[in-house]
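Working notes for the structure below.
Values in this text are rule-based calculations from the coordinates and carry no lab data. These numbers were taken from a predicted model, which means no experiment stands behind them. Note that each Cβ is placed from the backbone with ideal geometry, even for glycine, and that neighbours are counted across all protein chains shown.
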Amino acid sequence: MGLAAVLAACSAGPGGAVQKPARAGNPPLVADSPDCAVTGRLIPSCGAWWGIAPEIFTGLDVVEAVASAERRMAAPADIVHVYHRGKELFPNEKEIRLARDPEHPRLLLINWKPSLTHTWAEVAGGAVDDRIDRLADHLRRTFPERFFLTIHHEPENDVGSAAGSGMRAKDYAAMFRHVVLRLRHKGVKNAVTVMTYMGAPNWAVKPWFEELYPGDDVVDWVAMDPYADHRVQDFGSLVNKTRADFDEWPGFYRWMQWRFPGKPVMIAEWGVFERPDDPAFKRAFFESVRHQIRRYPQIKAMVYFDSPHAPRGDTRFDTAETAGKAFTELARDPHFRATRVPRP
């Protein structure tokens, strides 16, 4: 199906309308309902998980960063997003401590690039199998809990479409498949796999875009990493970004509804940049998330990227008191408090 047909198929789906957010008071934290449950693929039956990549590029270790971020937003995180590369074993001791916190257990979203020196084709061909096997042994011995695993997230801008580059979209799909299948073969049964796209229209219209997908059998969740740049006004225009120069693209959430109707969607990274000409933008944006999130029922997790030094700006949620208050109201919303993280 071409993009024009996708647009037609998706245009009637939830999230098509964009409305101005209403204002509301600070909701209380609520306990989970006895009717809410968590599936084996970590899908909450009620609402969505609330997560954070805390204080990135600040120098704090992950335990300190999580504690600081949770104090700042006056709410616990369900998911903590951490990043690993190459030979690093994960989860490490501090990440395990966060996952097993007796008061507030957390799910780990582990973002792993298996190699920074080998091409995707080389990894798919077995170049780092010893590394994968060592990781599998570590996981079996140290961490039986379920966790989210995304492999080389945001691959779009790393694609080299030339024949023989080893970095074609098909090479990425083969690499992802190889890593997941080898981990499973070596006994890793607790990794809930996530395919993470950038969520940008200019990449989604590339002729090779569909070839990135590794296959339903190795992907449990699909994810995007959208950021509120100058084209974005509210939550609806964040998750369904479009551009006038790519008018055939329907937006990522609409595309995911059409392409992956049976899979949960994760916003694996999202952030709101400062707007010097509109200092109230962050507050208004967080309010829009709170009032629009229920229009997107396939979104089952949202993980904020909190950093003073994000690649394109400052995404801290509390750069202004009003923004921090709105973010706290969002973090405490019953939609994100309906289901508790299972205790280890």
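So the values come out like this:
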quantity	calculated
Too-long pairs where the Cα-Cα distance tops 22 Å, listed order kept, from Lys189/Lys263; Lys113/Lys170; Lys282/Lys325; Lys186/Lys263; Lys241/Lys282; Lys113/Lys186	Lys186/Lys263
Net charge over other residues, Cβ less than 13 angstrom from the Cβ of Asp225 (K, R count +1; D, E count -1)	-2
For the stretch 283-344, size of Cβ-based charge dipole, Lys and Arg +1, Asp and Glu -1, in debye	380
Helix-derived mean residue ellipticity, 222 nm - over the chain, DSSP H n ≥ 4, -39500 (n - 2.57), to 500	-8500 deg cm²/dmol
Overall Cα dimensions of the stretch 156-269, principal axis frame, Å, largest first	46, 34, 22
Test item: Cα-centred dipole of the stretch 48-336, Lys/Arg +1 and Asp/Glu -1 on Cβ, debye	680
Within a Gaussian network of the chain (alpha carbon springs, distance under 10 Å), most fluctuating of Leu116, Leu330, Leu212	Leu116
Relative contact order (%) - the chain, alpha-carbon pairs under 8 angstrom, separation at least six	28
Net charge contributed by nearby residues that have their C-beta within less than 11 Å of Leu212 (K/R +1, D/E -1)	-3
Net charge contributed by nearby residues that have their C-beta within less than 13 Å of Ser68 (K/R +1, D/E -1)	-3
Positive-pole candidate from Val265, Leu238, Gly126, dipole of the chain, charges at beta carbon	Val265
Sequence of Glu156, Glu55 once ranked by neighbouring C-beta atoms within 10 Å, starting from the fewest	Glu156, Glu55
DSSP-loop chymotrypsin sites (Phe, Trp or Tyr not before Pro) across the stretch 183-261, with at most 14 other Cβ within 10 angstrom	Trp208
Cβ-derived FRET efficiency at R0 25 Å, Asp216 paired with Arg141, nearest 0.05	0.25
Three-way shape label, the chain, alpha-carbon gyration tensor, a/c 1.5	oblate
